[in-house]
Amino acid sequence: MFENIMIKAQYRELFAHLLHTIWFYSVFFLVIIHDGKTYSRSSQWHNNGYNAWSSKYKMLTNVYEGKNLEFGFPSDDDRKTALRKGLYDPDSPLPIDVDVYYPPSGEEPRIFVTIPRFGQGVPYSLAYLTNEVRPNGTELQPFPDYDWHKSHGDDCDGLTSVYRIQIDTCGKMWILDSGEIEFKQHCAPQLVVLDIATAEVKHRYRLPKGMYKPTISRFVTPYVDIADPGPYGSCKEAFVYMADPTGTGFVVYDVKNERSWRVENKYTYPDPDFGTHTIAGESFELLDGSFGFAVTPRGLGLRRMLYFHSLSNDAQVAIPLDIVNDPAYWGNGIKSAMEHFVFLGKRGVQCAAPAMTSSGVFLCGHLEPIGIFGWNIFTPYTYQNRMLLAENPTTLQFISGLKVITNPQGKEEVWLVSNRLQKAFSGTMNYNEINYRILKCGVDELLLGRPC
Ligand SMILES: *[C@@H]1O[C@H](CO)[C@@H](O)[C@H](O)[C@H]1NC(C)=O
């Protein structure tokens, strides 16, 4: 089906496709030749101070590691109160997502982490990393501040439970708040856009009735596609795709017109055959639908697509943006726009958080083997075309959040958080070992198999 779309595509697109393919492989081979000439493999590794052959696994750059999350509080009284009331239970929180903000001033990047309220005992669900070293790991502090989190569902102008976030190129953070704790819907799910430097609310959208299913929905991933990015644009012309895996669908939000619609059909559902998730030999059951998104980068000459998949499903699916972004197509329930969905293929295993590089390599953290796979979207979604770019059963044991960001030098970087989700779900967490990591690697280094 994907090929059909290609064939139907206009000559302009075909030509751009050809050019890109030629470009991609020329650059690929040039770099290989260049590498071979400049330094032999062994001296390259030697320079980095470790022996590549002692491990077949990829070492990513360590940004953070912790045995457990260390929550900082505004005061010791706040900590004691939270502990006493059961609003903080050190065995409960789990980091799910990461994103990074490089201030224009050139200061150190700010690293944000989400800690959703799967259950009770999570004092705040959006935080940044400090430089304070504590016994279990570096200390976190609440973002924007503790007041935003401390009501645990009573204050719908605050944040109830944040699963994932996305930071744009205008210094704003797009926060998806599920509004529920343990499926008790305290507030409507909401999208809150904050200016990171000032913590000013730039935009807020509460999902209207019909867009979510109280006691069933849980919104876990926002994906923001911005038509007017920074530094020249203001990041206001955007569409946001919001995944509701337990509600087995997703919501499309047109920011400019403040309108939303729901997409739900067989492609947004779990597949019972992929309801058992096995990570490093431990299994848990989950029947999650729509989970993660990526979109075709701009400027590649392709008809742009929304790539999406369910967590408990091995199917990779896409839909053209011009269709999914047009509310006229979505009034017909599960039959809506069916002929426009593109079934790309099956991968035989679950893939969790995805991300896209600007050159069109779709990245995803697969459950087995444990690592990041890359697929060039110009090629069919086949086994041969899914490259294992980074395998590491210790450090990548469950990639829950994955981002591609451009650093101030204009270089693309992959950032991820891994969290041993299977142990949290099975109650087998061992707090004497490193459980949580934030890792990064340059996109070029990852794609070309060089040290990060
Ligand atoms: C470190 O984590 C363990 C496991 O949750 C907890 O029992 C302990 O109190 C934590 N230590 C500190 C200093 O917070």
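The values are calculated or read from the model by the stated rules, or taken from the named source; none is laboratory data. Bear in mind the structure is a predicted one, so any value in this text is a computation, not a measurement. Every residue, glycine among them, receives a Cβ derived from its backbone with ideal geometry; neighbour counts consider all protein chains shown.
Sub-6 Å Cβ pairs linking a first residue in the range 257-272 that is closer than 14 Å to D314 by Cβ to a second residue that is part of a strand (DSSP E or B), at least 6 apart or interchain, are Y267/V317; P270/S310, ordered by first then second residue. Just one of Q397, Q384 is modelled with pLDDT under 95 and in a loop (DSSP other than H, G, I, E, B); which is it? The unique qualifying residue is Q397.
For beta carbons closer than 8 Å, sequence separation of 6+ or different chains, a first residue in the range 134-160 that is of a type in the set (G, A, S) and a second that is within 16 Å of the ligand (Cβ to nearest atom), the qualifying pairs are G137/Y64; G137/E65; G137/G66; G137/K67; G137/N68; G137/L69; G137/E70; G137/Y436. In the range 336-360, of all residues being touching a helix residue (DSSP H, G or I) at 6+ places or on another chain (Cβ under 7 Å) and part of a strand (DSSP E or B), the one that is surrounded by the fewest Cβ atoms within 10 Å (Cβ to Cβ) corresponds to V342.
Residue-by-condition table, conditions (1) crowded, with 21+ Cβ neighbours inside 10 Å; (2) away from the ligand (no atom under 16 Å from the Cβ):
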site: Y124; (1), (2): yes, no
site: T138; (1), (2): no, no
site: Q141; (1), (2): no, no
site: D147; (1), (2): no, yes
site: T160; (1), (2): yes, yes
site: G171; (1), (2): no, yes
site: G179; (1), (2): yes, yes
site: V201; (1), (2): no, yes
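So in the range 83-112, with the set limited to residues that are hydrophobic (A, V, I, L, M, F, W, C) and away from the ligand (no atom under 16 Å from the Cβ), which one is surrounded by the most Cβ atoms within 10 Å (Cβ to Cβ)?
V98
Scoring V414 on the criteria (1) more than 29 Å from S283 (Cα to Cα); (2) assigned to a strand (DSSP E or B) leaves a single failure, condition (1).
What do you reckon, is S43 more than 13 Å from the ligand (Cβ to nearest atom), surrounded by fewer than 11 Cβ atoms within 10 Å (Cβ to Cβ), modelled with pLDDT under 95 and outside any loop (DSSP other than H, G, I, E, B)? Yes: the conditions hold for S43. Restricted to the range 418-439, and to residues there that are surrounded by 21 or more Cβ atoms within 10 Å (Cβ to Cβ) and among the basic types (K, R), the residue that is nearest to the ligand (Cβ to nearest atom) is R420.
Looking only at the range 299-326, which residues are part of a loop (DSSP other than H, G, I, E, B), in contact with a Gly (Cβ under 9 Å, 6 or more places away or on another chain) and of a type in the set (G, A, S)? Of everything in the range 299-326, just one residue is part of a loop (DSSP other than H, G, I, E, B), in contact with a Gly (Cβ under 9 Å, 6 or more places away or on another chain) and of a type in the set (G, A, S), namely S312.
So, in the range 46-82, of the ones that are small (G, A, S), at pLDDT 95 or above and part of a loop (DSSP other than H, G, I, E, B), which residue ends up nearest to L446 (Cα to Cα)?
The qualifying residue nearest to L446 (Cα to Cα) is G72.
Restrict the check to the range 275-298 and report whether at least one residue is in a strand (DSSP E or B), under 19 Å from the mean Cα position of the chain (by Cα) and more than 21 Å from F398 (Cα to Cα). Checking the range 275-298: at least one residue is in a strand (DSSP E or B), under 19 Å from the mean Cα position of the chain (by Cα) and more than 21 Å from F398 (Cα to Cα).
Would you be able to say whether some residue in the range 72-80 is away from the ligand (no atom under 16 Å from the Cβ), of a type outside the set (D, E, K, R) and under 22 Å from F183 (Cα atoms)? Looking through the range 72-80, none of the residues is away from the ligand (no atom under 16 Å from the Cβ), of a type outside the set (D, E, K, R) and under 22 Å from F183 (Cα atoms).
Picking from residues in the range 311-335 that are loosely packed, with under 13 Cβ neighbours inside 10 Å and among the charged types (D, E, K, R), the one that is nearest to R386 (Cα to Cα) is D322. Scanning the range 108-123 for residues that are touching a residue at least 24 places away in the same chain (Cβ under 8 Å) and over 15 Å from V98 (Cα atoms) gives R117, F118, G119, Q120, G121, V122, P123.
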